[in-house]
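Below is one structure, written out as structure tokens, with a few remarks after it.
The values are calculated or read from the model by the stated rules, or taken from the named source; none is laboratory data. This is a predicted model, so every value here is computed, not measured. Heads up, the Cβs are rebuilt from the backbone with ideal geometry, glycines too, and the neighbour counts pull from every protein chain shown. Quick note on the areas: whole protein, heavy atoms, side chains included, nothing else; ligands and nucleic acids left out. Shrake-Rupley method; radii C 1.70, N 1.55, O 1.52, S 1.80 Å.
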Amino acid sequence: MFNSLDEAYLKRIIGRNEVVLFLGSGFSRGVKNIIGEDFPTGKDLCRKIWDILGYSGAYDETPLPEMFRAFTASSLKKEVKADFLNTNLLSSDIPPIYNSLVIPYWYKIYTVNIDDVIEKIYRRNGKGIKELIYLRDEYKERDQSLDITNIIYLHGKLPCDPKKIIFSTQDYASASLKTQPLYSQFVYEYATLPTIFVGTELNEPLFERYIESRQGKGGYAERRPKSFLITPTISPAKKEILRSQYNIHHIEGTTEDFLNWLRGIEQELPSKNEILKRTFPNLIDIIEYADLSNTPRKSVYEFSQAFKRVPKEYVVRKERSGFLLGTNPNWNDIFQDLDIPRTIGDNLSKDISSNFLKRDELDKQEIIILSGSAGSGKSTIIKRLGLTLSQMGITVFISDSEFIPRIDHIGEVLNAINERVILIFDNAKNIIPVIEDIVSSFASLKSPPLIILSIRSNQLLKLNSRIDSDIVDCKILKMPDLDKIEINLLIAKLEEYNLLGRLKGMSAADRFKEFFYRANKQILVAMKETTLGKPFEEIIRDEFKEIEPNEAKLLCLSVALCTELGYTNTKQDFMSFAEVPYDTAYNYLEKTLDGTIMSVGDNRIMLRHRVIADYFISHCVDLDMLKQAYIRVLSSLSAKLKSPSSNSKRFPLYRSLINHMTLFHRFRNNIEYAREVYDSLIDYFDDNAHFWLQYGSLELEGQGGNLILAENYITQAESLSRHSSYIQNAKCLLYFKMSVAEEVYSRALEYKNKADELSCQLIESIGREDPHTYHIHCLGSYEFINKWIKDSDEKKQKLKELKTTIEFASSIHPKDRKLQQVLGLIVRAYLRMGLATN
């Protein structure tokens, strides 16, 4: 069927779980329907529709889309229409050869069929599936464990209301009016993964629309992976177009030929475990390490998505590393000893190793926090620390994932391991919201783990405010500057790898002086400035300026927005950010942006360092370009988050990007630009409460906000999620701000009373858990008193009452910085009133 080279290629990529399967109507032709007939061809179905509609004479060759439109618009009862479709297009007898479909582990299966053939094949072979059906379902993450295969029905699936499937020209036109996330995702995957098309001639209108809209016209070499169309015949012209313009190669054959070929290569394909060792090694590693037979599969799967077991040994690959040029370290870098020994890391490993096994009976949860600015070397130190401890015989897991599993899932896996382990969280910002739950949950484990957190300095107070010293033994270490020994080691390492730059011609003493002068800067910054002889800002600004054309800059900036927040992107994400053909976008990724955007494994990419991403965003672009990048990233996310929820793995990125304070500050306090971002996304997130909450909160932020708009947007959010405490807090803040903005006291007092009533309810219900509620109440009351209370005695009494409230709030939330600031504000105002009275 395939020539020897194509067959070898397909067996290799099928064995890596990288092949997308696309099935058309011809795939089901060998199946019997419910009434015992062969599945009808398009013409057969037209004749049947002609007859059921009672048209006179013989069928007149009207195309199927028009016939189906007439069918759905007819006066036939809905039940009659549904029964007609079900009896003709649902299966009863599927030949055994179709079982071959389940032999490979497909990346995903897409189909334009509306029948139940694929579902029945998988179910009768005991294979798990997740069906995503047009109109009903949105994008879902695929199951990396290979236990479940995603089957995506692009045109709907029977049984259903006939109006909920795509068949007619009108259906296609209607579907084309708005973005179809399932179709969009297929096109992004076809652009980056090999695809096999079976039972189709690739003439579906929606398919052509989506593919053509992103087809290459830029003259760049075809970079999409080689794909195949299996069909008995095809016109020479179309065959050439598919090959030259889409990299789709025609293979003469039938569905039966394809299924027989799959049966023929079955013994040559790797097992599920062999595939997982390549595609999801964390899962295999943890399964082989511990007896998890009694642990829920979902717990093991989620744990493996977030945590990697730190290896004791590693087969070093000979490849160019960007580590000494400023990229984040990977295990290949660490095992090659590209990093230098750091005193803080050595001391930490000695302390942990000497006390780790003695602390099984500790009453408190142990947490070690390593804090420092971005680029200070935290990730390198904790990776080296993890390796050192692992080689001492301690089981260490490390997480640099943006995804945090459910806490009970982590606990179930740790209990099954049945030994004390170390959990290292790089980029620990992501666990700040759940650190209290983690500590509480781990207290019930047989052997609570030692937790090591790496976090940016500006997040440390927020993290520390959530750690209760009564139940946590917490040690905080701050990243030190490079000392003299470390500077000399770093210079020697750069010399070993021929990366001295302008230091090459200097004496050892002068080289040392250059680094010593910058020793208090981030290591990344110090290395750049020392080896290139220019300020870091100038180096990075020049790098961004040299990216051409403007579209490549925008794509780079889109990735930077995610990298700066600690998130990676897939190559499919990158394609979805682009507004140029795929071959052009590929060229930018692999050529223009090579070295700026780095591969981080498993088809994922990010800017080579978060410091550089932040500098691009903050200093290298104007607000118009930044706005475009935000809109591209968020509109791309919308296809995967049509109904955003915290259960989605993409929700944390969406939540971080859409945050009103992040947007306001990123746009340098220019509220108009931030508004334009929200306005451009209304069509995508119109029915999402979190979106309207953030838009409304933007109008409460800084100068230029519109309280009337804020009220409208927060009210919309409330109507979509009535019991959200976040929305109620925003509503409370709104009332306080309205009470201060009013020019008439009676109306201001009405808003103040509303704010007091709501804030008291919130304090009673969530005040002990949420300091923000106290902050809103106390600051809002203080501002109201300042504006409206003129009588000195009354003002002093009001401030005294408020002082009592904020002091109590501070006593139950002693680490909350914002509360401490408001406490200071109120105490000073109260003392001034006393002095004025005296």
Q) Restricting the search to the range 88-142, which residues are outside any strand (DSSP E or B), polar (S, T, N, Q), in contact with a strand residue (DSSP E or B) (Cβ under 8 Å, 6 or more places away or on another chain) and in contact (Cβ under 8 Å) with a residue 60 or more places away in the chain? A) Asn113
Q: Output the residues belonging to the range 806-823 that are surrounded by fewer than 17 Cβ atoms within 10 Å (Cβ to Cβ) and more than 21 Å from Asn458 (Cα to Cα).
A: Glu807, Phe808, Ser811, Ile812
Q: Could you run through the range 612-625 and say how many residues are surrounded by fewer than 23 Cβ atoms within 10 Å (Cβ to Cβ) and touching a Leu at 6+ places or on another chain (Cβ under 9 Å)?
A: 4
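Restricting the search to the range 1-24, which residues are part of a helix (DSSP H, G or I) and open to solvent by 60 Å² or more (accessible area, probe 1.4 Å)?
Ser4, Leu5, Arg12
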**Q.** Among (1) at pLDDT 90 or above; (2) farther than 30 Å from Ile812 by Cα; (3) open to solvent by 30 Å² or more (accessible area, probe 1.4 Å); (4) of a type in the set (Lys, Arg) - the single one Arg420 does not satisfy
**A.** (3)
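Results for (1) modelled with pLDDT of 90 or more; (2) open to solvent by less than 10 Å² (accessible area, probe 1.4 Å), shown as yes or no for each residue.
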{"site": "Val117", "(1), (2)": "yes, yes"}
{"site": "Ile121", "(1), (2)": "yes, yes"}
{"site": "Asn125", "(1), (2)": "yes, no"}
{"site": "Asp137", "(1), (2)": "no, no"}
{"site": "Lys140", "(1), (2)": "no, no"}
{"site": "Asn150", "(1), (2)": "yes, yes"}
{"site": "Leu158", "(1), (2)": "yes, yes"}
{"site": "Asp161", "(1), (2)": "no, no"}
{"site": "Ala173", "(1), (2)": "no, no"}
Q) Does the range 744-762 contain any residue that is outside any helix (DSSP H, G or I), surrounded by 15 or more Cβ atoms within 10 Å (Cβ to Cβ) and out of contact with any Asp or Glu (no Cβ under 6 Å at 6 or more places or on another chain)? A) no
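May I ask you to say which residue of Met598, Met575, Met606 is in a strand (DSSP E or B) and under 30 Å from Asn670 (Cα atoms)? Please lay out each step first, then the result.
Numbers: Met598 fails: under 30 Å from Asn670 (Cα atoms); Met575 fails: in a strand (DSSP E or B).
Every option except Met606 fails the conditions.
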(Q) Being modelled with pLDDT of 85 or more, of a type in the set (Ser, Thr, Tyr) and open to solvent by 10 Å² or more (accessible area, probe 1.4 Å) narrows it down to one residue among Ser235, Ser213; which is it? (A) Ser235
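Residues are listed down the side, and each one gets a yes or a no for (1) touching a residue at least 60 places away in the same chain (Cβ under 8 Å); (2) surrounded by fewer than 19 Cβ atoms within 10 Å (Cβ to Cβ); (3) more than 45 Å from the chain's Cα centre (by Cα):
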{"position": "Gly26", "(1), (2), (3)": "yes, no, no"}
{"position": "Ile35", "(1), (2), (3)": "no, yes, yes"}
{"position": "Ala70", "(1), (2), (3)": "no, yes, no"}
{"position": "Glu79", "(1), (2), (3)": "no, yes, no"}
Q) Residue check: is Met506 of a type outside the set (Phe, Trp, Tyr), open to solvent by 10 Å² or more (accessible area, probe 1.4 Å) and either in contact with a strand residue (DSSP E or B) (Cβ under 9 Å, 6 or more places away or on another chain) or under 20 Å from Asp400 (Cα atoms) (or both)? A) no
Q: Scan (1) at pLDDT 90 or above; (2) over 19 Å from Ile344 (Cβ atoms) for the single condition Lys446 breaks and write down its number.
A: (1)
Q: For the range 777-793, indicate whether the set of residues that are open to solvent by 80 Å² or more (accessible area, probe 1.4 Å), part of a helix (DSSP H, G or I) and among the charged types (D, E, K, R) is non-empty.
A: yes
Q | Tally, over the range 665-714, of residues that are within 21 Å of the chain's Cα centre (by Cα) and of a type in the set (Lys, Arg) | A | 1
Q) Which residue pairs have Cβ atoms closer than 6 Å, lie 6 or more positions apart in sequence or on different chains, and pair a first residue in the range 811-823 that is farther than 13 Å from His772 by Cβ with a second residue that is crowded, with 17+ Cβ neighbours inside 10 Å? A) Lys815/Asn464; Lys815/Ser465; Leu823/Ile806; Leu823/Ser810
Q) In the range 808-833, how many are more than 18 Å from Phe784 (Cα to Cα) and touching a helix residue (DSSP H, G or I) at 6+ places or on another chain (Cβ under 7 Å)? A) 8
Q) Looking only at the range 684-710, which residues are open to solvent by 60 Å² or more (accessible area, probe 1.4 Å) and among the aromatic types (Phe, Trp, Tyr)? A) Tyr684
Q. Which members of the range 392-418 meet the condition of being in contact with a Pro (Cβ under 7 Å, 6 or more places away or on another chain) and under 21 Å from Pro311 (Cβ atoms)?
A. Leu414
**Q.** Failed item in (1) part of a helix (DSSP H, G or I); (2) at pLDDT 90 or above; (3) aliphatic (A, V, I, L, M), with Leu453 passing the rest
**A.** (1)
